[in-house]
Amino acid sequence: MPCILPDGNVTETAKKVLWAAKEKTVEEIAKEAGLPLFRIRGSIRELSKAGFVEQKGDKYLTTEEGKTKL
Amino acid sequence: MPLLGDKAPDFEAQTSQGTLRLEDFRGSWLVLFSHPADFTPVCTTEFMAFSELYDEFKKRNCELLGLSVDSVSSHIAWARNIEAKTGVKIPFPIIADGNKEVAKKYGMLHPGQSTTETVRATFLIDSEGILRLILYYPLTTGRNMQEILRCIDALQTSDKHKVATPANWNKGDKVVVPAPIDQESAESRLNEGYECVDWYLCKKEIKE
């Protein structure tokens, strides 16, 4: 997964998403991270699969495991 | 092969900016374009031209997404080389379509041109995921990015104002009023202040 590096750490883009994902929508995360919406959607999908982000309704929140990657 | 007005075929692909799906671009217009190969001269000029106009595409709520059959590593190396040699940074993702899955879905492979490389295909997809424009250029002919921007302007203007755009139209020019649907409206439109050649060809200015 491109968001997750082979050593288990995450990319700089993924870190921006994890920093910004404080129970926010993808649009809010995109604004805070300064990244295009499509990159946020792609990153959120991969970070969710890895258990680093969880969904609450239409908002996303970095998990405790996700916080260890920051 | 998808046609104008069709829903653009879905895909999930590895790109130089991670795994992306078509649905990730919803809400934005998208220029999905293929090129024959990384590290080739015409393609390099096209990537530089797209990059230099990237802000113009963004102003139109339009993202760019390149594609070739080369690997992600090749895309990364090529983008880095372009930046190192010319100072132009490639800001948009590029699909690594090694198995030609996306290329086949979109009809980007034209065996009469090449059995292994994608031609210079350009698909303009609107914010609802509908294919609005398709352009094909052969391997030897680089695209005109200003024409792609002009087409985005034309389609967005047509959508917003319910008009058509005449030959060689550019943003700010007069637009074509839709043809009348009956004799009564054909008569009346000549008195509506339009610039008319005759009842079937009338133009008007639009205020943005």
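Would you mind finding the one in B:ALA121, B:ALA154, B:ALA186 that is outside any loop (DSSP other than H, G, I, E, B) and over 30 Å from B:PRO2 (Cβ atoms)?
B:ALA186
Output the residues belonging to the stretch A:58-67 that are surrounded by 13 or more Cβ atoms within 10 Å (Cβ to Cβ) and in a loop (DSSP other than H, G, I, E, B).
Within the stretch A:58-67, A:THR63 is the sole residue that qualifies.
Search the stretch B:165-191 for residues being farther than 16 Å from B:LEU155 by Cβ and in contact with a Cys (Cβ under 8 Å, 6 or more places away or on another chain), and hand back the single one that is modelled with the highest pLDDT.
B:VAL177
Need the failing condition index for B:PRO138 against (1) more than 17 Å from B:MET1 (Cα to Cα); (2) free of Cβ contacts under 8 Å to residues at least 40 places away in the same chain; (3) open to solvent by less than 40 Å² (accessible area, probe 1.4 Å); (4) assigned by TED's automatic domain parsing to the domain that holds B:PRO36, just the number.
Of the numbered conditions (1) more than 17 Å from B:MET1 (Cα to Cα); (2) free of Cβ contacts under 8 Å to residues at least 40 places away in the same chain; (3) open to solvent by less than 40 Å² (accessible area, probe 1.4 Å); (4) assigned by TED's automatic domain parsing to the domain that holds B:PRO36, the odd one out for B:PRO138 is (3).
Kindly establish whether B:GLU23 is modelled with pLDDT of 95 or more, within 14 Å of chain A (Cβ to nearest Cβ) and in contact with a strand residue (DSSP E or B) (Cβ under 8 Å, 6 or more places away or on another chain).
When the stated conditions are applied, B:GLU23 does not pass them.
Checking the condition open to solvent by 50 Å² or more (accessible area, probe 1.4 Å) and either outside the structural domain of B:LEU139 (by TED's automatic domain parsing) or among the aliphatic types (A, V, I, L, M) (or both), which residue from B:LYS85, B:LYS89, B:LYS7, B:LYS58 passes?
Criteria check complete, one pass: B:LYS7.
Could you please find all residues in the stretch A:29-51 being in contact with a Leu (Cβ under 9 Å, 6 or more places away or on another chain) and either on the phi > 0 side of the Ramachandran plot or among the hydrophobic types (A, V, I, L, M, F, W, C) (or both)?
A:ILE29, A:ALA30, A:PHE38, A:LEU47
Just give me the residues in the stretch B:163-200 being open to solvent by 80 Å² or more (accessible area, probe 1.4 Å) and over 20 Å from the mean Cα position of the chain (by Cα), in sequence order.
B:ILE181, B:GLN183, B:GLU184, B:GLU187, B:LEU190, B:ASN191, B:GLU192, B:GLU195, B:VAL197, B:TRP199, B:TYR200
Taking only pairs six or more apart or across chains, which ones have beta-carbon atoms under 8 Å, a first residue in the stretch A:44-57 that is crowded, with 20+ Cβ neighbours inside 10 Å and part of a loop (DSSP other than H, G, I, E, B), and a second residue that is at pLDDT below 95 and basic (Lys, Arg)?
Close Cβ pairs satisfying both conditions: A:PHE52/A:LYS69.
Scan (1) more than 13 Å from chain B (Cβ to nearest Cβ); (2) under 24 Å from B:LEU65 (Cβ atoms) for the single condition A:PRO6 breaks and write down its number.
It fails just one condition, (2).
Return the residues of the stretch B:83-103 that are under 22 Å from the mean Cα position of the chain (by Cα), closer than 14 Å to B:PHE11 by Cα and not in a strand (DSSP E or B); say none if nothing qualifies.
Within the stretch B:83-103, B:ASP97, B:LYS100, B:GLU101, B:VAL102, B:ALA103 qualify.
Where in the stretch B:1-42 are there strands (runs of 3 or more DSSP E), lying fully within it, with 3 or more residues that are in contact with a Ser or Thr (Cβ under 9 Å, 6 or more places away or on another chain)?
In the stretch B:1-42, the matching strands (runs of 3 or more DSSP E) lie at B:12-15, B:29-34.
The values are calculated or read from the model by the stated rules, or taken from the named source; none is laboratory data. As the structure is a prediction and not an experimental result, all values here were calculated from the model. No Cβ is skipped: glycine too gets one built from the backbone with ideal geometry, and neighbour counts run over all protein chains shown. Note: accessible area is taken over every heavy atom of the protein model, side chains too, but ligands, DNA and RNA are not part of it. Shrake-Rupley method; radii C 1.70, N 1.55, O 1.52, S 1.80 Å.
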